[in-house]
Every structure is written in structure tokens, then in C-alpha cells.
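The values are calculated or read from the model by the stated rules, or taken from the named source; none is laboratory data. All of these numbers come straight from a predicted model, not from anything done at the bench. Reconstructed Cβ throughout: ideal geometry from the backbone, glycine too, with neighbour counts over all protein chains shown. SASA here: full protein model, heavy atoms, side chains in, ligands and nucleic acids out. Shrake-Rupley method; radii C 1.70, N 1.55, O 1.52, S 1.80 Å.
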Amino acid sequence: MADDRLIVALDVSTMDAVKEIVLSLGDSVSFYKVGMELFYAEGAKTIRFLQEQNKQIFLDLKLHDIPNTVAHGVSSLTRLGASLITLHGQGGPVMMKAAVEAARESGETLGVERPKLLAITALTSFDDESWTAIGGQLPISDQVIRLAKLAKDCGMDGVVCSALEAKMIREACGDDFFIVTPGIRPSFATTDDQKRVATPASALQDGASRLVIGRPITQAENPREAVRLIIEEMENVSK
Ligand code: C5P
């Protein structure tokens, strides 16, 4: 049976590839992440297909614009039916508050549960050099905590962060904060291009609420067996 703490990343660009993954994983996976690559290529029909399959959707489009534009974007994505939506914390407090309000209002108008809004703090692709190049003043990890706390104060539901940051964010933002972590490698998998990885169990122990896993499942010889092994690793950590 599925464990909804596991979100499988659909990092593909065609509906055929989506169908192949989702139909082959069947009821072993209940939650999928759709990012820019797939959404820009196939748009809302991806979401409709996942809904027909009774799947929950993490729409990872990392919104970042003026508050009014982001608010309208969030309303549209709420109508579309996403459960989780990402936006850049660096869009600032006014933008985040406008997004929260838009999600609440559209959820109420539609009579549906509003999506959870997650902040991107500092992209993990930044290193010290590129961080300084854009004028970053605080050390990256301090900035991550600062933006996570700001996101919480603005009414955002949580953050996406590296599993290795989960513990400090959990400590800084408390038990109710929703923490989603990519960069997970189960004990049986290769690390691909991920450098700083955690296992499913260690990420959950450190406070992750949801795990995003892509290639260890989608490129496994037997994806369903990969899911089974991952859920086995997760089950040792209680919800
Ligand atoms: O295939 P893999 O498990 O590495 O995929 C992880 C997913 O999480 C991808 O969709 C990737 O873009 C995303 N991600 C990540 N690291 C981050 C942020 C997002 O791997 N820091």
C-alpha cells in the first residue's frame, strides 16, 4: 500500500512517459511531483490525468513575481487542484502573504481544501561563490533559517529543503511546519548527480514531512520493487 509521505518526481516531458510511470506504479504511490519540465510541456492535462488516477499533486513551479501576479497564479493553481505549491521565499513577505490569502480565498470559494504553500529558501545549487555574486550577505545556512522563519510568520505552511537542513528548520520552526525534502537516496540506490544525500529513514528522523524521490524509482529496473523497498525503509520511522 502507498505511504503518502513518499512523493515521486515526474521529471519527464511527455504524457506518454507520465502514463508509463504512473500506471506501472499503480496503487503503490499516491503522490506525484510535477515540475517545470513537464508542466511547461504538457500543462494542465498532466494534472487532470493524475486526478483521474486519484493521485495527490505537488506542483513545483517555484513562483516568484510581484504579489498581485503570484496571488492570481496561486488562485489558478488552487482551481487546478494541486495539494502542494512552491514559491520563492525571496519574493518577500508581501508576496508570501498575498499567496497565502489567495490560496485561502480560492479554496473557500471552491469549497475545497486549499493547497499547502511551501517556500523555497536558498536553492541548494548555490555555493558560497555564486551566493556572494548575487549579493548574499549572511552565510547560506543562516539565510535558509531566516527565510524559513519568515515564511512561517507570513502564514506559509512549510518549506522545501535539503534533508540535511531539515533538522535545523524543524528546530527553528516547530512541529506544525511542513518540510519536504528531495536529495534522498535509499540504501540500495546510486547517488546520480546528488552530492549531499540522506536515506529515507534519516530524512524522516530529522523531521521531514514528505520525501521527494525521482530517479531511484523512475529509472530502477523494477520501479514497483524500488517503491516497496523505500516504503520498507520509511516504515521504520513512525508518522
Ligand atoms: O531523481 P532525484 O531523486 O534526484 O530527483 C529529485 C527531485 O527533486 C528532482 O525533481 C529535482 O529537481 C528536485 N530537487 C532536488 N534538489 C533540490 C531541489 C529539488 O533534487 N535541492
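Figures for the structure shown
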| item | result |
| --- | --- |
| Percentage relative contact order, segment 81-190, counting C-alpha pairs under 8 Å, at least six apart | 27 percent |
| Ratio Rg/Rh [Cα only; Rh per Kirkwood] for segment 16-109 | 1.01 |
| Sparsely packed GluC sites (Glu not before Pro) within segment 132-239, loop by DSSP, other Cβ within 10 Å at most 12 | 221 |
| Between segment 152-217 and segment 74-114, the Cα center-to-center distance that results, in Å | 22 Å |
| Options 219, 70, 158, ranked by Cα towards positive dipole end of the chain, top entry (Cβ charges) | 70 |
| Mean Cα-pair separation over length for segment 1-131, i.e. relative contact order, pairs under 8 Å, 6 or more apart, % | 19 percent |
| Heavy atoms of residue 33 accessible to a 1.4 Å probe, total area in Å² rounded to 10 | 30 Å² |
| Relative contact order for the chain, counting Cα pairs under 8 Å that sit 6 or more residues apart, in percent | 17 percent |
| Global form of the chain, assessed from the alpha-carbon gyration tensor, a/c cut-off 1.5 | oblate |
| Segment 109-239: C-alpha gyration tensor shape, a/c 1.5 cut-off, then a/b vs b/c | oblate |
| Global form of segment 167-239, assessed from the alpha-carbon gyration tensor, a/c cut-off 1.5 | prolate |
| Largest-first ordering by accessible area, 1.4 Å probe, given options 215, 5, 170 | 215, 170, 5 |
| Most mobile listed residue (200, 182, 67) in the chain, GNM with C-alpha springs under 10 Å | 67 |
| Residues with amide H under 5 Å from that of residue 194, placed H, sequence gap 5 or more | none |
| Accessible area of residue 65 in the full protein assembly, 1.4 Å probe (Å², nearest 10) | 80 Å² |
